[in-house]
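The values are calculated or read from the model by the stated rules, or taken from the named source; none is laboratory data. Quick caveat: nothing in here was measured; it's all calculated off a predicted structure. All Cβ positions, glycine included, derive from the backbone under ideal geometry; neighbour counts span all protein chains shown.
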Amino acid sequence: MPSKKGHILKHKSEGFRLKPEQKEMVFSFRDFDQTQGQTFAEWQSLTLLDTMLDKLKEYSRKTIPEAQKAGFTVYDRFPAKSEFKPPWFILENAKWASLHIQGKECIAGHLADNIFYVCFMWSFWTRIINSGRQF
């Protein structure tokens, strides 16, 4: 059994607690709402699903502040100008966020600690856009 002194951490967060802003992003589809936006099958048919997974893998190596510098947008609350409605079970004071996957394809959801819970996926190319919409 290797000694603790010679032990190499497998992950930088092992062995000590990090503040949320120091943790790498984690993605969850637990709160995915299939009644709004598009489904996985639709994104697969548009050949967007693999692109999204590659993007999520890339962002899972970033902290929230690093992700924001790279294009991840965080909102203090659910955007007022949106064609979507927040799922009823999400707290009113939740922070919301969005990430463009490529061009005008986007995912949106709420943020808790370093976990981004994806609620909606959509491609602007397949939808009618209202000007001024945030997500």
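Structure summary
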{"item": "Looking only at the stretch 97-126, and only at residues there that are surrounded by 13 or more Cβ atoms within 10 Å (Cβ to Cβ) and without any contact (Cβ under 8 Å) to a residue 24 or more places away in the chain, the one that is nearest to LEU53 (Cα to Cα)", "result": "LYS104"}
{"item": "Selection from the stretch 32-63 of residues that are within 13 Å of the chain's Cα centre (by Cα) and free of Cβ contacts under 8 Å to residues at least 40 places away in the same chain", "result": "LEU53, ASP54, LEU56, LYS57, GLU58, SER60, ARG61, LYS62"}
{"item": "Boolean, MET25 is at pLDDT 95 or above and of a type outside the set (D, E, K, R)", "result": "yes"}
{"item": "Meets criteria (within 23 Å of LEU18 (Cβ to Cβ), among the charged types (D, E, K, R) and either surrounded by 17 or more Cβ atoms within 10 Å (Cβ to Cβ) or in contact (Cβ under 8 Å) with a residue 24 or more places away in the chain (or both)) for LYS85", "result": "no"}
